[in-house]
Each structure stands twice: as structure tokens, then as C-alpha cells.
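What follows is one structure encoded as C-alpha cells, with my remarks underneath.
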Amino acid sequence: MSPFSGGLATVAEVATATEASGLFTLTWLLVGLPLLGAAVLLLGGRRTDRWGHWLGVAMSGGSFVVAALLFFGLLGRAAEERTVTQHLFDWIAVGTFTVPFDLRVDQLSMTFVLLITGVGTLIHIYSVGYMSHDHDRRRFFAYLNLFVASMLLLVLANNYLLLYVGWEGVGLASYLLIGFWFVKDSAAVASKKAFVVNRVGDVGLSIAVMLMFVTFGSVAFDGVLTNAASASESQLTWIGLALLLAACGKSAQFPLQSWLLDAMEGPTPVSALIHAATMVTAGVYLIARSNAIFDAAPTAQTAVVIIGAITLLMGAVIGCAKDDIKKALAGSTMSQIGYMILAAGLGPVGYVFAIFHLVTHGFFKATMFLGAGSVMHGMNDNVNMRRYGGLRAVMVVTWITFMAGYFAILGIPPFAGFFSKDKIIEAAFSVNTLTGLVTLLGAGITAFYMTRLVAMTFFGKARWEDDAHPHESPGIMTGPIAVLAFLSTVGGFALAYGNGIEHWLEPVLGFKEPVIGIPVPALTAITLAVVLVGAALGWVLYARRSVPVVAPAGNLLTRAARADLYGDAFNEAVFMRPGQYLTRWLVWFDNRVVDGVVNGTAATIGGLSGRARRLQTGFTRSYALSMLGGAALVVFALVLVRL
Amino acid sequence: MNPSNYLYLSAILFSIGAVGVLVRRNAIVLFMCVELMLNASNLAFVSFARVHGNLDGQVIAFFVMVVAAAEVVVGLAIIMTIFRTRRSASVDEANLLKY
């Protein structure tokens, strides 16, 4: 705790919750509406094909309306009364241990709910256009609704066990959506990979829940987080590390990052949903929600920061080398989530900014992913940026909106990312200079790869394939992008205005103003300078020079980054191959040794009885002789016994 | 008369029957030898009943007679059938039922 002590620190206290009444009795509708949509679309089958997608949009939109109502309801209350729980029913009751099915609305979950339902609804609307040629559009919307419902359950749960249900639901929905085009082998493999890697993280969460139960005798937020001080530091460290493992799985952090890049096999709106609104943000939520545990376990916090820093740089480096526009954006997501995880590991100076960056990232990453989808829509689903170029002339709306997302991720004022990312860098420098330098370097690399992406796609000479006829996407797709681009532009300023987001989240997460050695404007200037250097480098290399259509061999680092920094190779060598050898050996053992004993016994008995069979000669008088001999033996034995 | 003489006779008859079963091939003769063995044992039962002064042996002799009669009914029918199909009553030739 020492780095954070002193000053005007406020540590989060679990506010006393009030039971839902009035407006807040609608809370269950947040999860219920999308879940109903998914159920109707999945059970309704082909009958719902014609209007199914509009039902999906309506359910997600309805959830957003409820969220907005509840948000204004919360705003109308005093800061310390903004925690509302709704008891739906008792889920598990074993002796004295009960797990209620409770939803919890507070500042943190409300922030997530608004992001999930808001961005989620925009992605739903966009998907109506994007998937219009797909004959299975209804199934797609059913899964989208399921995804949103699971994520909402995850952030609204009032105990870790219920959170786990949402956590698994998110994993399932992502599996279904990544493998939506399951007839494609690569998509089927990618969905399986995402599921398996996520399962590794899920083990972490289940261990954490069990440890909580052992330590605190409860799995509820109120029971665990308020009593965190009563546990020893080592207990909390183990719980924190298990939670970190869980966060690594869902948020694609090192060493469980490998599924995210392959997850691009799903339709583009899915990537936008996974990266902006749901799924990868779950890990950040988990750590932020468990802030009381991490605050009391400095070792676990350090681990969180290290994981965040590694992933931040890994994602950025991978993003620099990918020619697939979606994979470059996926690398960028890894990197940005790394920023959030790092910030969440910094303690009270960072939690608020982690969530702030998560929200702005949701805006600009959704803008860019949907923009990338729009580009692909016009380019016959080609994802190779080396075959793009000069698209700004033919896709004006997509280009302008994409540039809003671009400036936002770079952190150019006044775009959204400037406010959140700058704060994270500031917080990182306030704790540790090395951490600060990593975030600064990450910002520079981010500027480089994003400039490369934008230059290769929208600027330079056209390198289109012969049959490509790029065109602007229909209004139903560009509309949601425009809204998101608007949010990417002003969202950061709006949330940061008057330190609004700090005051809003402080009661749940705690807050401490970062203190750094140099004036804040100086740090901002340094950050901007690093960003501009990165951007200029990208511009010189990829806009001023012509981009070859076939990727050049590249240096060692480029080749490594193209291979995802050998993450897959490592997993294959360390886990997959030994696993395969083990199973092969087990199959051999089963076939030869286990079956060998069984079959050997059968063969021995069969062989012996084959011999014994020869005694049946069919010669009647020999039977008579043996009967006589047997009878004589019996008599002899009787006489012997009698004697 | 000494009852052991009956037993000797019974043993001789039983042995003749047993040897007959083992050495003869004709099924009818075989059958007659079996009857000889059964009746030898009947003689032994009755003798023992006399020696012990109770009726157990005599009762069992009746049972044996009943079994022998039933056996003759079934056995002769089988032998008739075998003879009709194979034109021979030799037990050595009826050796199809084997391993």
C-alpha cells in the first residue's frame, strides 16, 4: 500500500445498498429483454426470419432505454445512495450458505451497462445492413442478443457466483459468434481456440470464487469486499492472482492473448462487439470491481501492472506488422486493454482512468471496427490492406468517421482518447517511472501502427484487385458509425468535463489524484510529441512511399510480429504437442495394455477350451467308459472317506 | 440263505452289463446290457432291504423300474429312428455329435 498512502486518497468503500423500489424495479429488464430476444429468435426458428433482426435491435434498444432511465434515476440521488440492488429470487440455498439472484446497480455497473447497451445497440443496427445478404441473419441476431444479455448479467451481478454465470455466458456467445460461419474451417478452429483459451481463464475465476468462499464464507460483493481487511495479505494475493488469470483469459492479456487475433474469423460486427462493448472489457471490470482485494495485495497489483505492460507492448508490436486490417485492429485492442489492465493495477490512482479509457476505447474502437467492416463491404470482403489504398475518395463517410476514431486512439486533443490515455500515462508516471515510460512508448507505437493502417487503407495510390468496385455502404451502416464517431470526438471531453467521471466513479472505486514530478502540461506535451513522431514515421513509410502489393520479407521483428510474436508457436510447443503426445501414449496404453489384459484373458480361456473340446469324440462307448471310470472313482472315494 | 450271495450275483450281473455296454456295438444289445445293470442294482437294493429289515430298498427298486420303463420307451424310439436313417444300429457309426 505504501506507494499510494498519504495525500487526498479515498479508498473505495462498499456503499450500503438500498433495495430496489420505484423505477429501479425495472432493473431485471436490462438482462431480461435481450435474453427474451435471444430465446424468441432461437426457438422461433425460420418463422422469425423476416422480422427477427428488428426484434434483436428492439430488445437491445429497449435495454438501452431502461439503462438510460436508471442512469437518470441514479443521477437524481445523492452520491452515497447510488447503490441499488434488486433481489429476484434465491438461487442456491444450502444450509446457512445462500446465493441470491441479485442484481446490483451502482456507478460502476451503470457505466458498463450504458456502454454495453448503447454501443451494442448501434452494432445491432449496423449488423442489419452488414448481414443483409446472409441467409442466417436471424441466428446472428439471436447470438448478439445472447452476448449482450450475458455481458449485462456479468456486470450487474451482485455476487461472484452470478458474475461467473454471465462470464460463462459471454464465453459461450463469443464461441457461437466467432464460429458463426462454421462451415469455414478456419472459423470453426478459431471459435474452438477462443473457447479453450477462455476456459483456462475461467479456471482462475472458479479458483478465486472458491478461495473467497473459504476465506470469507461468502461470495457476495458485500460479504467479500467489505471484509477484505479481515483476511491476511497472502490470502488476498492468491485471490488477486486467480482473478488476474481470469481477467487475462477474457481480456486477451498475456499469456492468454492468442485467441483474440484468431477471433477475427467472425463477422466484423462481432469483432466490434467483442472489442468495444463486451467480452474483453470483462477482465477490466473484474479487477476494478475487486478493487478492495487488490488494494490490500500489492504483489497481485504488481503482477497486474506487469501483465498489462507486457500486453500493451506485445499488442502494439503485432499491430505494426499485420496486413489484415481486422488483425491490425485486434492487435490494437490487445494493446489498449493492456493500458486499462495496467491502470487498474496502479490502485486508486488508476481505477477510474482504466474505466474511463475503457469507455472511450469502446467508442473509438467500435467506430474503427465498424469502419473496417464498411471498407470490407465495399471491397468484396477483402481484408488485405495491401490491396486497399486511396479509398478516401470513394468512401467519404467511412473515411471521415474512421479518422475520428484514428485521432481518438492517438490521443490528439480534443478527441476522446486524449483525455483517458493521457490520464493513464500520468497515473503510471506517478507510481513508477518505468511503468510510465512503457505507456509512453506504447502511445508512440500506437500512433505508428494506426497511421500505417489509415495510410494503407485510405491514402496513397489505389492497389485494388481487378474485380473490386469500392462503394460507400448504405445509410443503415454509416449511421451507427457516424454516431460512434461523434462520441469518439466529444465523448472524452464530455466525461472529463469538471472531472465528471472521477466524481461519478469515486464512491465505488476510490480515487487518488496522481502526483508527478513535472507539471502535467509538460507531460502532455511530451506524450503528444512521442505520438506525433510515431505518426510521422508511419506517414513517411506508408503514405509517402508506395506500398508493395506483396508483403516484403521484413526484418526479424516484423516476421515475429506477423507470427503473433510466436504466441501460437509457444502454445503449440509447450501445451499442444505434449498434450497430443500424452493422449497418443494414453491411447496406446489403453489399446495395448488395458485391452491387452482383457483380450489376453479371453484368448487364453478360448484356447484352453479349444483344447478341452477335443475330449468330445462322438464315440459313444468312450463316454460310457468315462462314466464308468467316474462312477468307480466316486465309489472309491466314498470308501476311502468311510475308512 | 446267506444274503451276500444275492449281492455277489448282483455284482456279477452288473459287471456283465457294464462290460457289455463297453464292448458291444449294436445299440439294441447295448440297451439290453443297460437293463441288466439296472436290474442288478435292483437286486442289490432288494437284498439290502431284506438285510436291514426295512422297505427303503424295495421302494427305490420300484423307482428304478419306472425309470427303466421310461428309458426303454424313449431309447427304443431313438434307436428306431437312427436305424431308419442310417440303416445300421451301430453306436460307433452314430458319431456325428462331437467337437
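The values are calculated or read from the model by the stated rules, or taken from the named source; none is laboratory data. Computed from a predicted model, the values in this text were never measured in an experiment. Because the Cβ atoms are built from the backbone with ideal geometry, glycine has one as well, and the counts that use them run over all protein chains shown.
Kindly indicate which of B:Val67, B:Val29, B:Val34, B:Val51 is within 14 Å of another protein chain (Cβ to nearest Cβ), surrounded by fewer than 17 Cβ atoms within 10 Å (Cβ to Cβ) and either touching a helix residue (DSSP H, G or I) at 6+ places or on another chain (Cβ under 9 Å) or in a helix (DSSP H, G or I) (or both).
One residue alone meets the criteria, B:Val29.
What single numbered condition from (1) under 27 Å from A:Tyr339 (Cα atoms); (2) over 22 Å from the mean Cα position of the chain (by Cα); (3) not in a helix (DSSP H, G or I) fails to hold for A:Thr237?
It fails just one condition, (3).
Could you tell me whether A:Thr601 is β-branched (Val, Ile, Thr), over 49 Å from the mean Cα position of the chain (by Cα) and assigned to a helix (DSSP H, G or I)?
Working: β-branched (Val, Ile, Thr): yes; over 49 Å from the mean Cα position of the chain (by Cα): yes; assigned to a helix (DSSP H, G or I): yes.
Taking the combined requirement at face value, the residue satisfies it.
Okay, residues lined up against (1) more than 30 Å from A:Ala296 (Cβ to Cβ); (2) free of Cβ contacts under 8 Å to residues at least 12 places away in the same chain; (3) of a type in the set (Lys, Arg):
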residue	(1), (2), (3)
A:Ser21	yes, yes, no
A:Leu33	yes, no, no
A:Gly62	yes, no, no
A:Val65	yes, yes, no
A:Phe72	yes, yes, no
A:Arg77	no, yes, yes
A:Thr83	no, no, no
A:Asp102	no, no, no
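List the helices (runs of 4 or more DSSP H) that sit entirely inside the stretch A:364-460 and contain at least 1 residues that are of a type in the set (D, E, K, R) and in contact (Cβ under 8 Å) with a residue 60 or more places away in the chain. Show your work before the answer.
On the way: elements: A:396-410, A:416-431, A:433-458.
Output list reads A:416-431, A:433-458.
Of the residues B:Gly17, B:Gly57, which is at pLDDT 90 or above, part of a helix (DSSP H, G or I) and within 14 Å of chain A (Cβ to nearest Cβ)?
B:Gly17
Being away from every other protein chain (no Cβ under 14 Å), among the small types (Gly, Ala, Ser) and farther than 26 Å from B:Arg24 by Cβ: is that true of A:Ala603 here?
When the stated conditions are applied, A:Ala603 passes them.
Quick grid of which residues meet (1) on the phi > 0 side of the Ramachandran plot; (2) at pLDDT below 90; (3) not aliphatic (A, V, I, L, M):
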{"site": "A:Ala561", "(1), (2), (3)": "no, yes, no"}
{"site": "A:Tyr581", "(1), (2), (3)": "no, no, yes"}
{"site": "A:Thr604", "(1), (2), (3)": "no, no, yes"}
{"site": "A:Ser609", "(1), (2), (3)": "no, no, yes"}
{"site": "A:Thr617", "(1), (2), (3)": "no, yes, yes"}
{"site": "A:Tyr623", "(1), (2), (3)": "no, yes, yes"}
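Quick test for you: out of A:Ala525, A:Ala529, pick the one residue that is under 20 Å from A:Ala416 (Cβ atoms) and surrounded by fewer than 18 Cβ atoms within 10 Å (Cβ to Cβ). Write out each step before concluding.
Details: A:Ala529 fails: under 20 Å from A:Ala416 (Cβ atoms).
Of A:Ala525, A:Ala529, the one residue that is under 20 Å from A:Ala416 (Cβ atoms) and surrounded by fewer than 18 Cβ atoms within 10 Å (Cβ to Cβ) is A:Ala525.
How many residues does the stretch A:611-643 contain that are within 14 Å of chain B (Cβ to nearest Cβ), out of contact with any helix residue (DSSP H, G or I) (no Cβ under 8 Å at 6 or more places or on another chain), of a type in the set (Lys, Arg) and assigned to a helix (DSSP H, G or I)?
Within the stretch A:611-643, residues that are within 14 Å of chain B (Cβ to nearest Cβ), out of contact with any helix residue (DSSP H, G or I) (no Cβ under 8 Å at 6 or more places or on another chain), of a type in the set (Lys, Arg) and assigned to a helix (DSSP H, G or I) number 2.
For the stretch B:70-99, which residues satisfy the criterion of being over 18 Å from B:Glu35 (Cα atoms) and away from every other protein chain (no Cβ under 14 Å)?
B:Thr81, B:Phe83, B:Arg84, B:Thr85, B:Arg87
Among A:Leu453, A:Leu440, A:Leu484, which is the only one that is of a type outside the set (Asp, Glu), at pLDDT 85 or above and farther than 20 Å from A:Ala372 by Cα?
After ruling out the rest, the residue left standing is A:Leu440.
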